[in-house]
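What follows is a single structure, written as structure tokens, with notes after it.
What follows is calculated from the coordinates using simple rules that are stated; it is not laboratory data. If you're wondering where the values come from, they're calculated on a predicted model, not measured in any experiment. Don't worry about glycine lacking a Cβ; one is built from the backbone with ideal geometry, like all the others, and counts go over all protein chains shown.
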Amino acid sequence: MSEPETATPEETGLFDKIVNLTKRRGFVFPSAEIYGGFRSTYDYGPVGVLMLRNVKNSWWRSMVQMRTDVVGIDAAILSPPQVWEASGHLANFTDPLVDCRACGARHRIDKLDDPDTCPTCGKSGQFTEPRQFNLMFKTHAGPVENDGAVAYLRPETAQGMFTNFANVLNTSRKRPPFGIAQVGKSFRNEITPQNFVFRTREFEQMELEFFVPPDEAEKWYQYWCAERLQWYIDHGIPADQLRLRAHDADELSHYSSGTSDVEYLFPWGWDELEGIANRGDYDLTQHATHSGEKLDYFDPATNERYTPHVVEPAAGATRTMMAFLMAAYHEEEVRGETRTVLRLHHRIAPYQIAVLPLSKKDTLIPPAQQVLSALQPHFMCDYDETQAIGRRYRRQDELGTPYCVTIDFDSLDDNAVTVRDRDSMDQERVPIADLLDWFRERLV
Ligand code: GAP
């Protein structure tokens, strides 16, 4: 079969199509939609939850499971002000806000093309003086709303790794260079949430804090920049849609000796997927000073005590899922019709296999259920017996399911099924007895 013609993102209005498809097929819904939605928050539907989980699991697999020098944790989302005082977030995690006196709109002044003109009403010279707006969500733990009960929803997962540094060191038998990884929710009261799930107030992060001897920090920083770029390529994003951008000196935090972003070519241009930072000993030193606890490492080989430096690859799970969807989206002409297909990596796709009896006839359902039962313990499977087979294939193409298994009337005689490949649409007859191995070869 000849390769179908594929449209470029520019030709297709990719962003709107992704938003539309994710709603229509059950990936992402606006949160509390029956009440009109809620301020840039989103819910992940039946297939979205599978895909998001696959993004997080694939990260965990590469960063924890396949390594001997990284362990994981799952820290609390609520934390006391002391953590954020030590980390610098209480003082510095702010955006400069201005209000337009003419129309009341509120803007981040550092993000405006013209810092004197309101992009909402077009009037100039109407902005109030900028004031610093802290992005952390503040709440109270317990029934009393006084200062002693103040708590914050974490704006990053990273601090959980620093506050648990000594606990992990004492319990895990890891020694620098080693890392602590975490995947979980973070919250930022973003002034301008935008671009669907790209920037939201509630989102998920996948972060690694890698603790190293100070003189090895630069080597590990280079190592993690290369590893993390490759991870996106290995999981299906074409290399020419990715780049590593080193921050200019004036973009660096005061403690960082180097930061690079992995950027993806979104429909609005290059934008950040992940930041890799060489953070020095800033975090452990800050927490040691503020808590009074020792957060260093005694190396018995050299008889030296030192505070490890930290290299931090910090990615967004929800943002990465969006990039995977965009990179996978293709439209092509097939026999005079437009086929929409998500060419997702099999580890990222919501379902790996769809089991489809050719018709709802009673004779086909039991063997289809048997095939499903044989595959389900090993792969995430969809099962669908509604509509014509062609329409079911199209639906699975839009979900990104790599393989469809069709049980037809011949299956009753030859004990074989038709396996359809999502990308080539080629079909192959496979004996039911060989099916599990056939998929293991291709999907594991
Ligand atoms: N600990 C370092 C840290 O949190 P960051 O660059 O602020 O660094 C890391 O965040 C990643 O988290 C970003 O590259 C992005 O993928 C994701 N992220 C940050 N803010 C986000 C938001 N408001 N919505 C969705 N993802 C976000």
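Some points to look at:
- Alpha carbon convex hull of region 49-91, volume per residue in cubic angstrom: 121 Å³
- Over region 1-132: Kirkwood hydrodynamic radius from C-alpha pairwise inverse distances, Å: 20.3 Å
- Considered as an equivalent ellipsoid built on the Cα gyration tensor, region 381-426 has semi-axes of 19, 12, 9 Å, the largest given first.
- Net dipole in debye of the chain [+1 Lys, Arg Cβ; -1 Asp, Glu Cβ; about Cα centre; nearest 20]: 1100 debye
- Annotation for region 130-178: trypsin sites (Lys or Arg not before Pro) lying in DSSP loop with at most 10 further Cβ atoms inside 10 Å of their Cβ are ARG173.
- Residue-wise HN-Hα coupling along region 306-323, computed from phi with Karplus coefficients 6.51, -1.76, 1.60 (Hz; x: Gly, Pro): 8, 8, x, 8, 10, 10, 10, x, 10, 10, x, 6, 5, 5, 5, 4, 5, 5
- Restricting the calculation to Cα atoms, every distinct pair contributes to the Kirkwood radius of region 287-444, found to be 18.8 Å.
- Using only side-chain charges placed at the Cβ, +1 for Lys and Arg and -1 for Asp and Glu, the dipole size of region 351-443 relative to its Cα centre rounds to 320 debye.
- Counting every other Cβ atom within 10 Å of each residue's Cβ, ILE191, ILE348, ILE180 order from fewest to most as ILE191, ILE348, ILE180.
- For region 65-76, the Karplus equation 6.51 cos²θ - 1.76 cosθ + 1.60, evaluated at θ = phi - 60°, returns couplings of 4, 8, 10, 10, 10, 9, 10, x, 9, 9, 8, 5 Hz by residue, with Gly and Pro reported as x.
- Applying D = kT/(6 pi eta Rh) to region 300-358, where Rh is the Kirkwood radius over alpha-carbon pairs, T corresponds to 20 °C and eta to 1.002 mPa s, the Stokes-Einstein value obtained is 132 µm²/s.
- Unpaired Cys in the chain, meaning no second Cys C-beta under 4.7 Å: CYS225, CYS381, CYS404.
- 25 Å Cα-Cα reach of LYS56 towards lysines, excluding residues that sit fewer than 8 places from it in its own chain: LYS17, LYS23, LYS174, LYS185
- Dividing the radius of gyration of the alpha carbons in region 133-252 by their Kirkwood radius gives 1.03 for Rg/Rh.
- Evaluated at q = 0.14 Å⁻¹: base-10 log I(q)/I(0), Debye formula over Cα of the chain: -1.34
- Divided by 2.2 N^0.38 Å, where N counts the residues, the Cα radius of gyration of region 351-443 comes to 0.96.
- DSSP-assigned coil residues among chymotrypsin sites (Phe, Trp or Tyr not before Pro) in region 259-363, each with at most 10 further Cβ atoms within 10 Å: TRP268
- In a DSSP loop and with at most 15 other Cβ atoms within 10 Å, the trypsin sites (Lys or Arg not before Pro) in region 275-351 are LYS294, ARG335.
- Helix-only mean residue ellipticity at 222 nm for the chain, each DSSP H run of n ≥ 4 adding -39500 (n - 2.57), per residue, nearest 500: -8500 deg cm²/dmol
- Here is the P(r) of region 343-389: all C-alpha pair distances, binned every 10 Å from 0, give 27, 47, 24, 2 in whole percents.
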